[in-house]
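Shown next, in structure tokens, is the structure this report addresses.
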Amino acid sequence: MKYYGGCDAGSTYTKCAIVDETGKLVASVTSRSRINPVLSAQAALDEAVATLDDLKGAKDLAYLIGTGYGRNKVPFADENISEISCHAMGVHVVDPSVKSILDIGGQDVKGIAIDADGTVLNFAMNDKCSAGTGRFFEAMAHAFEMPLDEFSKLSLKAKNVIPITAQCTVFAESEVISLVGEGKPMDEIAAGIQLSVAKRCFVMAKKAAATDSIALTGGCAKNHGLKQAIERVLKIKVVDLPVDPQLMGALGAAEYARQKGLASAKA
Amino acid sequence: MKDLKHLYYLENLLQDANNNLVREAQAGGRLAVGSVCSLIPEVLLSLPGCFPVRLRAPNTGSIDLGTYYMTSMSCECCRALLERAVEGGYKFLDCIIAPDACAQMNRCVENIDLLKLCDKEKFFISYSDVPMKSDETALRHYVKQMRIRVLEQLSGVYGVDVSDAALRAAVLGHNEACRLITAIGEYRKEDNPRITGYEFAVLCTATYCCPKDLLVDKLRETLDELGSRQPDSGKNFRARVVVAGSEIDNPDLIRLIEGSGALVVADRFCFGSLPGRQEIVLNDGEDVLLQICRQYLAWGKCARFMDTAKIEERQSYIDELAKSYHADGIIFEQQKFCDYWGYERALGSRVMRDDYGYPVLSVDLPYAVGTNAQLRTRVQAFVESIEIKNIQGKVTR
């Protein structure tokens, strides 16, 4: 059996996915990125490969594609593909009915429209500022002195929303601290934070041609409060993907690796 | 491919506005005329005893000083030029001749004036009103402005010879550099071009910021060298693109685009060659200045020309370039906060995609690009979408 790999060396997390010849996901790893993307990718690949008896190392993969900001630093990669193309393909593989994606990663937000074959039809990217990305949520969770997962659920029980006016991560953190100091309910402040990010996603979703449904990918897709806020603000259904949404870039890269590996074997 | 013989030398010239060739020309007693826009014909600044220097701010980092004077909502290029002026980077200039074309560039030049950032004894700044249309009335106005705001200023302050004979001599020199650049640029039409977009951008940008007569030997040798240059056997690119839009004075941006898989085969931007490096054709019967101005108005592809005919002409010109340079797609760009190109990019991107059927990537750019991982991602994703659509035969045109 041959195996094909995708490694998404992201700014915050490094993800690795391995598929077999049929395209079935057989191994995956998500780990915190280090400052050196080569080391991050190497560690994630080693960990993923170790779960498969047939493989001794990443170089035994029949084809490997790097993606993410460190895509050209992935060891043993045969080539690299942008994360925009890979997220589209990853989502297409797990749910071909999805036509629009919001990829909310560690440091940017992308709206992607997917064609019928999983390729990119159109995309838009907000990369000017970290507000509204994973880094923003990490800063907010830090301000609330709670783990990210706990913070992501905090807004779900809020009865009101306290608007957050600051557009900058640093200033928003100060605003949150002031509101907490004033004794405002934590869940309502959290709801305000989720709402502000959802509004930032609105433009990207429109550019991704989202009409009645959209899928979230990237680490922030696991943020329950954000999902609820996006459904509220965008007035569209957020599709639940059957596979970890944070893995979509790596999975798309692995699928491209499979297609390219099989094609080159035939040639 | 083996590096072009003069590439390193030319790259070094682009590291400073006051470069070696500028210093050499000034040491020979010639006047350095600062220029900020193609709407002042370069050839008028190339009269005997003068040479034009199109202002750039190489190796820009922060633009906080420029932002203090111009606010954070103005064009980054204008702010970067002012920043460089505040740093003392344009003190070598003998004058600046600017068009009253873009309010933001005017503020930049006005601040250079008010802050006395260029302090040579006879230094002056002249503003010219330039037309927004290209009809006969506009031409008459343009000629008059060039005469009183450019020629009479140079003649009055520095005694520059502005006779028809002097203008004809300037045209001859200008044309030689343009002919060489155009001939070099023709190689970009090849299936596997023997020159990259980056290399061409270095050559072309150098012609805007160095005395052309001191550069032509290097251009001539480069053209000869290209005649026998062998491109790499395999193609080092995945798609061919036209880059259209506002100011790109930094070839590193072209290198970044090409590093993401898109070979830049045509340069329809400020500091580019299309248009910008055509020869000026003169007849013997008419006034020389009139002929020069007429040709500049006819070529003009600046987004400041706002009549419908010019807007449509700009779009069809990009289409012509894409066809003749065999481009797969178009990158439409603008300097962040550029008013004219902001509008043009919004409209042009849609028209080129929906009406002409080209894949289009639309981006706004900071003045200092650096390594810009985000831009790399955008361009690479664009290239991948072109590649896949081409394979699948989905391109509609």
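The values are calculated or read from the model by the stated rules, or taken from the named source; none is laboratory data. Small disclaimer: the values here were computed from a predicted structure and weren't measured. Glycine gets a Cβ as well: all are built from the backbone with ideal geometry, and neighbour counts include every protein chain shown. For the accessible areas, the whole protein counts, side chains as well, though only heavy atoms, and no ligand, DNA or RNA atoms are used. Shrake-Rupley method; radii C 1.70, N 1.55, O 1.52, S 1.80 Å.
A compact table of results
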read-out	value
Yes/no for B:Arg314 being open to solvent by 30 Å² or more (accessible area, probe 1.4 Å) and in a helix (DSSP H, G or I)	no
Cβ pairs under 8 Å, 6+ apart, first in region B:348-368 and at positive phi, second open to solvent by 10 Å² or more (accessible area, probe 1.4 Å)	B:Gly357/B:Val395; B:Gly357/B:Thr396; B:Gly357/B:Arg397
Checking A:Cys86 against (1) in a helix (DSSP H, G or I); (2) away from chain B (no Cβ under 14 Å), the condition it does not meet	(2)
Inter-residue pairs, beta-carbon under 6 Å, first among the charged types (D, E, K, R) and in region B:103-116, second outside any helix (DSSP H, G or I) and open to solvent by 20 Å² or more (accessible area, probe 1.4 Å), 6+ apart	B:Asp113/B:Ile125
Search result, residues across region B:37-57 that are open to solvent by less than 10 Å² (accessible area, probe 1.4 Å) and under 18 Å from the mean Cα position of the chain (by Cα)	B:Ile40, B:Pro41, B:Val43, B:Leu44, B:Leu45, B:Phe51, B:Pro52, B:Val53, B:Leu55, B:Ala57
Test for B:Thr371: is it more than 19 Å from the chain's Cα centre (by Cα), modelled with pLDDT under 90 and within 12 Å of chain A (Cβ to nearest Cβ)	yes
Verdict on A:Phe76 being crowded, with 18+ Cβ neighbours inside 10 Å, over 28 Å from B:Ser349 (Cβ atoms), in contact (Cβ under 8 Å) with a residue 24 or more places away in the chain and not acidic (Asp, Glu)	no
Test result for A:Thr165, within 14 Å of another protein chain (Cβ to nearest Cβ) and hydroxyl-bearing (Ser, Thr, Tyr)	no
Selection count, region B:60-74, where residues are of a type in the set (Gly, Ala, Ser) and open to solvent by 80 Å² or more (accessible area, probe 1.4 Å)	0
Which listed residue, of A:Arg258, A:Arg200, is crowded, with 20+ Cβ neighbours inside 10 Å and touching a residue at least 12 places away in the same chain (Cβ under 8 Å)	A:Arg258
Residues that are of a type in the set (A, V, I, L, M), assigned to a loop (DSSP other than H, G, I, E, B) and closer than 18 Å to A:Gly23 by Cα, drawn from region A:47-80	A:Leu52, A:Leu55, A:Leu61, A:Ala62
Only one of A:Glu175, A:Glu145, A:Glu188 that is away from every other protein chain (no Cβ under 14 Å), on the phi < 0 side of the Ramachandran plot and without any contact (Cβ under 8 Å) to a residue 24 or more places away in the chain	A:Glu175
Any hit, region A:232-241, residues being touching a residue at least 24 places away in the same chain (Cβ under 8 Å), assigned to a loop (DSSP other than H, G, I, E, B) and either closer than 22 Å to A:Arg135 by Cα or in contact with a Pro (Cβ under 6 Å, 6 or more places away or on another chain) (or both)	no
Qualifying residue in region A:56-65 (condition: away from chain B (no Cβ under 14 Å) and at positive phi)	no
Count - residues of region B:265-314 that are aliphatic (A, V, I, L, M), out of contact with any His (no Cβ under 7 Å at 6 or more places or on another chain) and more than 27 Å from B:Pro58 (Cα to Cα)	11
Of all residues making up region A:47-57, the number that are open to solvent by less than 20 Å² (accessible area, probe 1.4 Å) and within 23 Å of the chain's Cα centre (by Cα)	2
Every pair of residues 6+ apart whose Cβ atoms lie under 8 Å, when the first sits in region B:158-181 and is of a type in the set (Asp, Glu) while the second is open to solvent by 50 Å² or more (accessible area, probe 1.4 Å) and at pLDDT 95 or above	B:Asp161/B:Pro48; B:Asp164/B:Asp287
Residue count for region B:1-17, restricted to those that are under 18 Å from the mean Cα position of the chain (by Cα) and surrounded by 13 or more Cβ atoms within 10 Å (Cβ to Cβ)	6
So A:Asn122, is it within 20 Å of A:Lys227 (Cβ to Cβ) and within 11 Å of another protein chain (Cβ to nearest Cβ)	no
Residue that is over 16 Å from A:Leu251 (Cβ atoms) and either in contact with a Lys or Arg (Cβ under 7 Å, 6 or more places away or on another chain) or open to solvent by less than 10 Å² (accessible area, probe 1.4 Å) (or both), where the choices are A:Ile104, A:Ile112, A:Ile164	A:Ile104
Flag if B:Val150 is in contact (Cβ under 8 Å) with a residue 12 or more places away in the chain, crowded, with 18+ Cβ neighbours inside 10 Å and either within 19 Å of the chain's Cα centre (by Cα) or outside any helix (DSSP H, G or I) (or both)	no
Conditions (1) touching a residue at least 12 places away in the same chain (Cβ under 8 Å); (2) more than 14 Å from chain A (Cβ to nearest Cβ); (3) within 15 Å of B:Val241 (Cα to Cα): number failed by B:Lys323	(1)
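Let's see how each residue does on (1) polar (S, T, N, Q); (2) crowded, with 16+ Cβ neighbours inside 10 Å; (3) closer than 30 Å to B:Glu286 by Cβ:
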| site | (1), (2), (3) |
| --- | --- |
| B:Cys95 | no, yes, yes |
| B:Lys116 | no, no, no |
| B:Ile125 | no, yes, no |
| B:Pro131 | no, yes, yes |
| B:Arg140 | no, no, yes |
| B:Leu167 | no, yes, yes |
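Let's see how each residue does on (1) of a type in the set (Val, Ile, Thr); (2) assigned by TED's automatic domain parsing to the domain that holds A:Ala41; (3) not in a strand (DSSP E or B):
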| residue | (1), (2), (3) |
| --- | --- |
| A:Gly111 | no, no, no |
| A:Met125 | no, no, no |
| A:Cys129 | no, no, yes |
| A:Leu156 | no, no, yes |
| A:Thr165 | yes, no, yes |
| A:Ser178 | no, no, yes |
| A:Ala191 | no, no, yes |
